[in-house]
Amino acid sequence: IVFIIKYTKMIKHKKNILIIILLLIIVIVITIVSGFAYYKINLMPVSQNSETVRIEIKEGMNVSKIIDLLNENGLIKNENALKLYIKLNKVGKIQAGEYELNKNMSAPEIISKIEEGPEDTTINITFVEGKNMRWIASKIAENTSNSEEDVYNKLSDETYLNKIIDKYWFITDEIKNENIYYSLEGYLFPDTYNFKKDATVEDIFNKMLDKMEDQLEPYKDEIQKSTISVHKFLTMASVIELEAKNDEDKAKVASVFYNRLNQNMSIGSDVTTYYAIKVDMSERNLTSKDLNTENPYNTRGPNMNGKLPVGPIASVGASSIKAALYPDTTDYLYFVADKNGKVYYAKTFDEHDANITYLKSQGLWYTYEQK
């Protein structure tokens, strides 16, 4: 009898264990199925309406930033679900560019589309630091349906200029000075941009101005507290851009220019003379007539002591902007570069003259080939 009782209890105990195990299995299965269903649901379209949303994936954006961008634009239901999908499906490199996406697209459809790359309705244009507006106009004409004349017309469009003066804190009426060749010279930030093939000149300008605002924003308070205007600040940066190749020289060259201005000297920059006569530096050497011609851009000419050119003379990169804001502290008043780009600095004219004599004697003096 005792054996039977013990055996009966053991059977009941095993049944209880089996029931617990079965319940655990059911819970696990339900959890997995629910999780999978939740995962699938959160990859579905956010809407049945075919609302179009245009986004731009910039060069260097990682997966997390791209997912944030999709979420901010209301294109996905759940960021974590999409991250898991990308990891499980080993999604490859996502290509930069502009995309037109619909809210009725599922998350996998969106990822597939941006994996394939932007459609050929968009183009990339690279604008280079140190180039002037004539070069920019030719680049726009070369890559879009706009002509160079369209570019110049927009630069003199009073309505457009007033609009951007109202929109951007760093643009003022100074760009409308009648002596300025091209109103937005130096204001269009050089970079690689993605545009629609049918982009207008205004579309292109606005995108480049937006980028310039991004570049200047960290320095906004400091620039606005400065004794010089943003226009003059960008003018200085543009001269630095053309006179120095590396960051170290840019800060030193900036110090030379500021030192000369503080002593009411002309900054005496050849690059400003080239701009004044609308000749590219690679074309030829400057003549005495070029150097001595009075022009509000020509800092080698008369009546330019203590003055910057009337406006920027080239597009400026981030390092030139920084050099114009944070010049080195030096006593230098002169500099000259050899044909290899090495810069020699001097505190006096005699030292400067000796540097020039040395460069010529060593065959390091730069001369332009005549075309």
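The values are calculated or read from the model by the stated rules, or taken from the named source; none is laboratory data. Owing to the predicted nature of the structure, the values given are computational and were not obtained by experimental measurement. Virtual Cβ from ideal backbone geometry, glycine too; neighbours counted across all protein chains shown. With ligands, DNA and RNA removed, areas are computed over all heavy atoms of the protein, side chains included. Shrake-Rupley method; radii C 1.70, N 1.55, O 1.52, S 1.80 Å.
For region 287-299, name all the residues that are modelled with pLDDT of 95 or more and either of a type outside the set (V, I, T) or open to solvent by 50 Å² or more (accessible area, probe 1.4 Å) (or both). Those that are modelled with pLDDT of 95 or more and either of a type outside the set (V, I, T) or open to solvent by 50 Å² or more (accessible area, probe 1.4 Å) (or both): N295, P296, Y297, N298.
State which residue is nearest to the chain's Cα centre (by Cα) when the search covers only region 231-261 and only residues that are under 14 Å from T272 (Cβ atoms) and acidic (D, E). Ranking the candidates gives E241 first.
Quick check on this structure: which one of I114, I123, I86 is assigned to a strand (DSSP E or B) and surrounded by 15 or more Cβ atoms within 10 Å (Cβ to Cβ)?
Criteria check complete, one pass: I123.
Determine, yes or no, whether G74 is open to solvent by less than 50 Å² (accessible area, probe 1.4 Å), within 27 Å of F189 (Cα to Cα) and in a loop (DSSP other than H, G, I, E, B). No.
Beta carbons closer than 9 Å, at least 6 apart along the sequence or on distinct chains, pair a first residue in region 28-40 that is surrounded by 10 or more Cβ atoms within 10 Å (Cβ to Cβ) with a second that is modelled with pLDDT of 70 or more for Y38/N78; Y38/A81; Y39/N78; Y39/A81; Y39/L84; Y39/Y85; K40/A81. Please specify each residue of region 145-182 satisfying the condition of being surrounded by 16 or more Cβ atoms within 10 Å (Cβ to Cβ), over 20 Å from the mean Cα position of the chain (by Cα) and not in a helix (DSSP H, G or I). Scanning region 145-182 gives N146, I180, Y181, Y182.
For region 183-235, the tally of residues that are in a helix (DSSP H, G or I) and not hydrophobic (A, V, I, L, M, F, W, C) stands at 20.
For (1) charged (D, E, K, R); (2) modelled with pLDDT of 95 or more; (3) under 15 Å from P312 (Cβ atoms), each residue gets a yes or a no:
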site	(1), (2), (3)
E241	yes, yes, yes
S266	no, yes, no
S282	no, no, no
N285	no, no, no
